[in-house]
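Colleague: This is the structure, below, for whatever I ask next.
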Amino acid sequence: MEGPLTPDVALTLTPAQAHYLGTVLRRTSGDAVRVFNGRDGEWLAHVATVRRDLATLAVATQIRPQSPDADLWLVFALLKRDATDLVVQKATELGAAAILPVLTERTNTARVNESRLAAIAVEAAEQSERLTVPTIHRPAPLAAVLATWPPDRRLHAAIERSDAAPLRPATGPAALLVGPEGGFTPAELDLLHRHPLVTPATLGPRVLRAETACLAGLALLQAPMCG
């Protein structure tokens, strides 16, 4: 939801949301639904009207207050469509606050369907009962992302076949960087090693697929919060 959530407020859904509510979820007038907007917590609402392309909800009471998410970003070399979809879905479920696809020398694709990824993130947030949706950035070159990297956020770069220390849980604002299937090039590795906010790390002795590395790394970085 985009608007504020308060008792007795009426919400008008978008045509896509109305279609999903009535056709996919098969909700009818009077049915209860749960809604959130990323700011006001989770609320119980009831369907007031529902048609093929129009639906309204009547907000009733708050079920769950808003709570802060982990301050964790995911930066990953853009993958083919299905793998990118999977990364966005699972990173949302794992609590990533922002998802930044990057372009590297060995990246095998350069475009994404932004509306598709946003829809995947919303659906994953709903499925996992998360009350926020991560910000999904447009793909950008790795060097450009590093050049504008925020000074208060540590970037943990997963480097395969290296003598880097194992990835440890983060204690503050953090991000995980995962490269392409072919790995980072020597020039990219040099760029990473020279960056003051980049910490090389290993995810273990095995060489993981990029999508697996994204999920394993996110879990490791917030290990104390899992359970």
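We did not get these values from a lab; they are worked out from the coordinates using the rules stated. The model shown is predicted, which means the values in this text are computed figures rather than measured ones. Here the Cβ positions follow ideal geometry from the backbone for every residue, glycine too, while neighbour counts run over all protein chains shown.
Colleague: Order these peptides, 46-52, 109-115, by their mean beta-carbon neighbour count within 10 angstrom, highest first. Don't skip to the answer; put the middle values down first.
Modeller: Numbers: 46-52: 15.1, 109-115: 12.0.
So the order, starting with the most tightly packed, is 46-52, 109-115.
Colleague: While we're on this one: Scan around ALA48 for amide H atoms under 5 Å from its own, H built in the peptide plane at 1.01 Å from N, and keep only partners 5 or more places away or cross-chain.
Modeller: GLY30, THR56, LEU57, ALA58
Colleague: Residue by residue through region 56-72, which ³J(HN,Hα) values in whole Hz follow from phi under the Karplus form 6.51 cos²θ - 1.76 cosθ + 1.60 (θ = phi - 60°), with glycine and proline marked x?
Modeller: Result, ordered by residue: 10, 10, 10, 6, 10, 9, 7, 9, 8, x, 5, 10, x, 8, 5, 7, 10 Hz.
Colleague: Rounding to the nearest 20 debye, state how big the charge dipole of region 72-225 is about its Cα centre with +1 on each Lys and Arg Cβ and -1 on each Asp and Glu Cβ. Please report the intermediate quantities before stating the final value.
Modeller: Values: 15 positive and 15 negative charges, 33 e Å.
Charge dipole of region 72-225: 160 debye, to the nearest 20.
Colleague: So, R0 is 45 Å and r is the distance between the beta-carbons of THR109 and ILE63; what FRET efficiency does that work out to, to 0.05?
Modeller: Values: r = 40 Å, r/R0 = 0.89.
Efficiency computed from Cβ-Cβ geometry: 0.65.
Colleague: Sort 172-182, 69-79 by the packing proxy (mean of other Cβ within 10 Å over each peptide's residues), most packed first. Walk me through the numbers before you get to the answer.
Modeller: Working: 172-182: 20.6, 69-79: 22.5.
Descending packing order for the listed peptides: 69-79, 172-182.
Colleague: Hey, another quick one. Evaluate the distance, in nm, between pseudo-label points positioned 7 Å from the Cα of ALA165 and of LEU86 along their respective Cα→Cβ axes.
Modeller: About 3.1 nm, to one decimal.
Colleague: What shape does region 39-82 take by its C-alpha gyration tensor, where a ≥ b ≥ c are the square roots of the eigenvalues and a/c under 1.5 counts as rounded, a/b above b/c as prolate, and the rest as oblate? If you can, show how the numbers build up before the last one.
Modeller: Numbers: a/c = 5.76, a/b = 1.51, b/c = 3.83.
Verdict is oblate for region 39-82.
Colleague: Turning to a different aspect of this structure: Out of GLY41, VAL24, LEU11, whose Cα points farthest toward the positive end of the dipole of region 10-64 (charges: +1 Lys, Arg; -1 Asp, Glu; placed on Cβ)?
Modeller: VAL24
Colleague: Residue by residue through region 140-156, what is 3J(HN,Hα) from phi via Karplus (6.51 cos²θ - 1.76 cosθ + 1.60, θ = phi - 60°)? Round to whole Hz and write x for glycine and proline.
Modeller: Taking θ as phi minus 60°, the curve returns 9, x, 3, 4, 5, 5, 5, 5, 10, 5, x, x, 9, 10, 6, 10, 8 Hz for region 140-156.
Colleague: Can you give me the long-range amide H partners of ILE63? Hydrogens built in the peptide plane at 1.01 Å from N, cutoff under 5 Å, separation of 5 or more residues or another chain.
Modeller: Placed amide hydrogens put GLU42, TRP43, LEU44 under 5 Å from ILE63.
Colleague: Could you go through region 98-110 in sequence order and give the Karplus-derived ³J(HN,Hα) for each residue, using 6.51 cos²θ - 1.76 cosθ + 1.60 with θ = phi - 60°, rounded to whole Hz, and x for Gly and Pro?
Modeller: Each residue of region 98-110 in turn: 8, 10, 10, x, 10, 9, 10, 5, 10, 5, 9, 7, 9 Hz.
Colleague: Rank by packing, highest mean first: peptides 121-127, 95-101, with packing defined as the count of other Cβ atoms within 10 Å averaged across residues. Kindly include the intermediate steps, with their values, before the conclusion.
Modeller: Values: 121-127: 16.9, 95-101: 21.3.
Sorting 121-127, 95-101 by mean packing, highest first, produces 95-101, 121-127.
Colleague: Taking the alpha-carbon centroid of each part, what is the distance from region 183-199 to region 66-114 in angstrom?
Modeller: Cα centroid of region 183-199 versus Cα centroid of region 66-114: 20 Å apart.
Colleague: Please go through region 149-214 and write out the trypsin sites (Lys or Arg not before Pro) that DSSP classes as loop and that have at most 16 other C-beta atoms within 10 Å. Walk me through the intermediate numbers first.
Modeller: Working: sites: ARG153, ARG154, ARG161, ARG194, ARG206, ARG209; in loops: ARG153, ARG161, ARG206, ARG209.
Answer by residue number: ARG153, ARG161, ARG206, ARG209.
Colleague: Which far-off residues, 5 or more places away or on another chain, put their amide H under 5 Å from the one on THR135, with H placed in the peptide plane?
Modeller: ALA98, ILE99
Colleague: Within region 23-59, what residues put their amide N at less than 16 Å from the label point 7 Å along the Cα-to-Cβ vector of GLU123?
Modeller: Residues 23-26 qualify, since their backbone N sits under 16 Å from the label point.
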